[in-house]
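Below: the structure, in structure tokens.
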Amino acid sequence: MSRSRRDFLRSLGIGAAAGAAIQWPLQGGSTAYAFQSARNPQSDGYIHLDSNENAYGPSPKVADAIRSATGLVNRYTFLKYNEVTERIANFHKVKPEQVLFGCGSTELLRVAACAFLGKGRQLVEAWPTFEAIDEYARSLGAGTIRVPLNRGFVHDLDGMLTRAKSSTGLVYICNPNNPTATIAPRQDIESFIAKLPAATHVVIDEAYHHYAKVSGMYSSFIERPLEDERVIVTRTFSKAYGLAGLRLGYAIAAPQAINQMRNFLTKSTLNAIMAEVVGVALDDADGVELAIKRNRDDRQEFFNQAMERMLMPIDSHTNFVMTNTQHSAEEVIAHFHHHKILVGRHFPPLDTYIRVSLGTPDEMTAFWQTWDMIPWSKKFIHH
Ligand SMILES: Cc1ncc(COP(=O)(O)O)c(C=O)c1O
């Protein structure tokens, strides 16, 4: 190991163990090192590049609001429901009847499945995509029709359309898509929805909205809505806002669809901290802007590092990157795990790809140094 790398690992508190010989394939033994980011320590000693969180946490304004809300945690939030609904409605310039919030956007995916799926109905979705709704659909006894992404790793909307029939209760479009970080073009989604069977609802999951640049290719279906009562858009505070642990997400849709979904919502999931923080987070445009800009820089740096190593990541519109390793994803994931770094799981059929959530610069340095320990990894050396 070069001196500078050893010094660097030491400065991270990773220590000498990382300098030991690396086994490939893994043969037990312990070369693991512990890393803790100063800002966001993980109690399990792993660097978490696996769940597409915001590694930097919430903005200073939001962090202050969280601290001041701690005195309220002995109380239920029954009286806060209307206020939170109105805050979200005002922010998006929609009516309160068009808003439903829950325990993370995952809960909205669950209630959409409950409202529009069941035995004899099907969910049509791209594959691979974010899986929660697929799991809920199956637990409800609905069929799941997984349509492979196209060669550009984008939703094959024509393919999905041919699979949609009158018994298709729901179509799920994750845009940008997790795990590929790709965007389905706005125009294509619009003409797809126009051709769907009349009773088929569509969930557009915009969890990563903030990281996608608004363009002719991409715009939110909340900000530029369709006049279509079947469209449900979901959003979350877990990504750009840096609040994954506080569990709040919401759906915007026509009042009729919202009412159908509300029937299945878990009662009283709003936590007392988030009840106070929602408004502050939504109003803190500068905080969100900073998170977006920081992510853009971190993403660019990831691509720079990837190029030096002759890797070919899929163009990313999110806070994570899916990259082809040209080797078994399972083995690469195990290598990182062995070195106390968690990356995304294996996403078949993308058997040579790994999904890496963007961490802080120190975390990403540790990621690339661990990458460079793989015997077959290559790196251009600049002279
Ligand atoms: C596409 C997508 N939708 C929804 C979620 C769930 O987010 P939440 O924390 O709001 O439940 C995730 C989380 O990773 C996601 O990737």
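The values are calculated or read from the model by the stated rules, or taken from the named source; none is laboratory data. From a predicted model like this one, the values you see are computed outputs, not experimental measurements. Virtual Cβ from ideal backbone geometry, glycine too; neighbours counted across all protein chains shown. To get the accessible areas, we keep the full protein, side chains included, count just its heavy atoms, and leave off ligands, DNA and RNA. Shrake-Rupley method; radii C 1.70, N 1.55, O 1.52, S 1.80 Å.
Being open to solvent by less than 40 Å² (accessible area, probe 1.4 Å) and either within 16 Å of the ligand (Cβ to nearest atom) or more than 19 Å from Phe264 (Cβ to Cβ) (or both) is the filter here; which residues of the stretch 78-89 pass it?
Matches in the stretch 78-89: Val84, Ile88, Ala89.
Out of (1) open to solvent by 10 Å² or more (accessible area, probe 1.4 Å); (2) of a type outside the set (Phe, Trp, Tyr); (3) farther than 30 Å from Gly141 by Cβ; (4) over 22 Å from the mean Cα position of the chain (by Cα), what's the single condition that is false for His92?
(4)
Give me the residue from the stretch 301-323 that is without any contact (Cβ under 8 Å) to a residue 24 or more places away in the chain and assigned to a helix (DSSP H, G or I) and, out of that set, most open to solvent (accessible area, probe 1.4 Å).
As a first pass, look at the stretch 301-323 and keep what is without any contact (Cβ under 8 Å) to a residue 24 or more places away in the chain: 303-304, 306-307, 311-313.
Imposing the further condition that a residue be assigned to a helix (DSSP H, G or I) reduces the set to 303-304, 306-307.
On the way: Phe303: 31, Asn304: 70, Ala306: 0, Met307: 106 Å².
The residue in question is Met307.
Any idea which of Leu149, Leu161, Leu170 is under 16 Å from Ala253 (Cα atoms) and at pLDDT 95 or above?
Values: Leu149 fails: under 16 Å from Ala253 (Cα atoms); Leu161 fails: under 16 Å from Ala253 (Cα atoms).
After ruling out the rest, the residue left standing is Leu170.
Before we move on, is Lys267 of a type in the set (D, E, K, R), within 13 Å of the ligand (Cβ to nearest atom) and out of contact with any Pro (no Cβ under 8 Å at 6 or more places or on another chain)? Don't jump to the end; show me each part of the working.
Working: of a type in the set (D, E, K, R): yes; within 13 Å of the ligand (Cβ to nearest atom): no; out of contact with any Pro (no Cβ under 8 Å at 6 or more places or on another chain): yes.
No.
Going by the structure shown, is Asp298 touching a Pro at 6+ places or on another chain (Cβ under 8 Å), in contact (Cβ under 8 Å) with a residue 60 or more places away in the chain and of a type in the set (D, E, K, R)?
Details: touching a Pro at 6+ places or on another chain (Cβ under 8 Å): yes; in contact (Cβ under 8 Å) with a residue 60 or more places away in the chain: yes; of a type in the set (D, E, K, R): yes.
Judged against the criteria, Asp298 is a match.
Out of (1) assigned to a loop (DSSP other than H, G, I, E, B); (2) under 19 Å from Ile204 (Cβ atoms); (3) in contact with a Ser or Thr (Cβ under 6 Å, 6 or more places away or on another chain), the odd one out for Thr234 is which?
(1)
From the residues in the stretch 197-218 that are free of Cβ contacts under 8 Å to residues at least 40 places away in the same chain and open to solvent by 10 Å² or more (accessible area, probe 1.4 Å), which one is nearest to the ligand (Cβ to nearest atom)?
His209
Scan the stretch 324-383 residue by residue and report those that are under 27 Å from Gly152 (Cβ atoms) and assigned to a helix (DSSP H, G or I).
Ala329, Glu330, Glu331, Val332, Ile333, Phe336, Met364, Phe367, Trp368, Trp371
Quick check: is even one residue across the stretch 178-185 more than 16 Å from the ligand (Cβ to nearest atom), modelled with pLDDT of 95 or more, closer than 23 Å to Met322 by Cα and of a type outside the set (Val, Ile, Thr)? Reasoning before the result, please.
The first filter runs over the stretch 178-185 and keeps only residues more than 16 Å from the ligand (Cβ to nearest atom), leaving 185.
Of the ones still in play, those that are also modelled with pLDDT of 95 or more are 185.
Okay, now just the ones that are also closer than 23 Å to Met322 by Cα, so 185.
Filter once more, so that each one left must be of a type outside the set (Val, Ile, Thr): 185.
Checked the stretch 178-185: at least one residue is more than 16 Å from the ligand (Cβ to nearest atom), modelled with pLDDT of 95 or more, closer than 23 Å to Met322 by Cα and of a type outside the set (Val, Ile, Thr).
What pairs can you find where one residue is in the stretch 41-69 and open to solvent by less than 20 Å² (accessible area, probe 1.4 Å), the other is in a loop (DSSP other than H, G, I, E, B) and hydroxyl-bearing (Ser, Thr, Tyr), and their Cβ atoms are less than 6 Å apart, with a gap of 6+ or different chains?
Ala55/Thr360
Taking Ile273, is it closer than 26 Å to Arg75 by Cβ and part of a helix (DSSP H, G or I)?
The answer is yes for Ile273.
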